[in-house]
Amino acid sequence: MSEASNKTASQALPVGYRFNEYEIQQVIGEGGFGIVYRAWDSELDRTVAIKEFMPASIALRDENHHLLLRSERFLRLYQAGLNSFMQEAKTLGRFNHPHLLHVLRFWQANDTAYMVTLYYQGETLKSRYLRDFTPCSEIVIRDMLPPLLSALKTLHDHDYLHRDIAPDNILIQQDGSPVLLDFGSACKTIGHLTDKTEIMLKPGYAPIEQYSEGRDGDQGPWTDIYALGAVLHTLICGEAPPVSVVRSLSDNYPPLVERGLNGYSSGLLRTIDRMLACEPQQRPQSIVELRDLLVANDQDVQCDAPEPELTPASEEIYLPVPVEHLVESMPAVAKTRDRRPLWIGTGIAAAVCVALLSTHWFSDNNTPAMTVAPTKPAVAVAKQQVTMSPNPAIATKAPVPAQIYLRASDAAQLSRVEINGKPQNTLDQDGMKQFSLVPGDYQLQVTRKEGGSWQHKLHIDEGSGTWLVNVPSPES
C-alpha cells in the first residue's frame, strides 16, 4: 500500500481547522460522498454545521488538506459531482422554510466545496423508529404531516421535486418538529455517470416513474407523494412497500386498510394506500389534493405550517443541505424545463458532465479565503492509484447488499448470469432476474439461450439500494 493510501483511514479535516470565523469542533458524520462537521462561528457566537463535498471512493486528502483524485480516470466524475453540488446550491438557496434545512454560506477551498447550515439537533426517523422498530402512532404521524406537507408544497409551488424522501432524510428535532433533509447532489450524479444502463434508487421508496429513464414527463409532485406514503408505510409496518418496479409487473401490495391494523384509523390507511398507487395518475396529483383527500377521509390534517419566506436572489445565500445526515444518497442537480418541475435527483445534464475547469487555487494555510461566487476548481490528480481503505464510518457494519434486477425483452431467454466470471444464482421475479451484490466493482456477463452474450461493468456503492439493469436485445 502506498504512503498516500495510508491517509485514507479518515478523510476529515482536523479538529481546530479554521475557515476564517468558522472553527471545526467535531466530525458529525463521514459518509461515502461527504463529511459533516460541527463548527463554532466566532463572529455570531453560535454553533453551525459545515458540509464538505468529499467522494471518498474517488478522492483522498493530501498533507495540505487539498483533495487529490485517486486516478485521472475519475476526473470527469469528480467534476460532475462538484459542479452539481454547487449548481444546486445556487438554485435552491432562496428557500427559507422552517422545515427545510437553511444554509448560511457557501464557498470553495481545498479543491472542493463547503456549505454552512444551521445546526439542528435531533434524530432521523430511521434512527428513532426503525433501527429497533417501534410502530409510530397515528397521533405522531398526524403531528408530523402538516409541516412536511407545507415543506413539499413550497418546493412544488416553485417547480422543484425532492425525489429522495426516505426515513433517513427526515430529521425530528428536539421539539418534535420535522426537517426535510438531503438536498445534496453528488452521489446520484456520480452514480448515474458510471453508465446509463443502470438506475440506482432506494428500494421501496422510489415510484415506478423514477426507474423509467427517458420518461421525464411522468415525474411530478405525485413522485414525492409516493415516497412520503412509503415512509408512512414503513413507520407503521416496519418495512417499505414492495419495490415499485416489481409491482409494475405483478402488483403484490396488500392495502393497509385491509390488514386489520390496530390503532390506526381507516381514513389514514386509505390515504396512504392512495399515495402508494403504482400508476402515477392514480395518486393525489398535488399536495393540496393530498390534503383534501385526508380531510375527505374524515381527518383533520391541514397544511397549516407557516408559509415559507423566500429570500431575494443573492450571491450570499445558497442551498440548504443535511446537517446531522451523512451525504449517502444525494439527488442530482435541478434542471430547467418549460413549465415542468425542476428535479432534485435526476441524472446530471451532459453540459455539466463536460464543464470546463478554470484554475482556482487557495492558500495552503488553514485560513483559505472565502468566496461566495463559485468557480470551477482545478483538481489535482494523484500520481499513482491507491488501494482504498474501508470507510471508517461504515467499517463496523456489515455491507448492505444492493438488489439487482435484470430486465430484458424476454428474460426467459437469459440462460446464464456471471459475476466476475463466476455463475450467479438468480431468482425469477415477475419476468426479471434478481440477485444481490455487496458494494464493489463487478463485471457482469449475461448469456442468452439462443447464443451470444452481453457484458457490462457495475460499480455498486454502499447504500445503493435497488438497481434496474436493462439488458439490450441481441439486435440492438
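Values quoted throughout were computed directly from the atomic coordinates according to the rules given, and no laboratory measurement underlies them. The structure displayed is predicted, hence computed values, not measured ones.
With 26 Å as the limit, the listed pairs 126/433; 51/457; 202/449; 422/457; 51/126 have 126/433; 51/457; 202/449 beyond it between alpha carbons. Once backbone amide H atoms are built at 1.01 Å from N, residue 100 has 180 as its partners under 5 Å, excluding neighbours fewer than 5 places away on the same chain.
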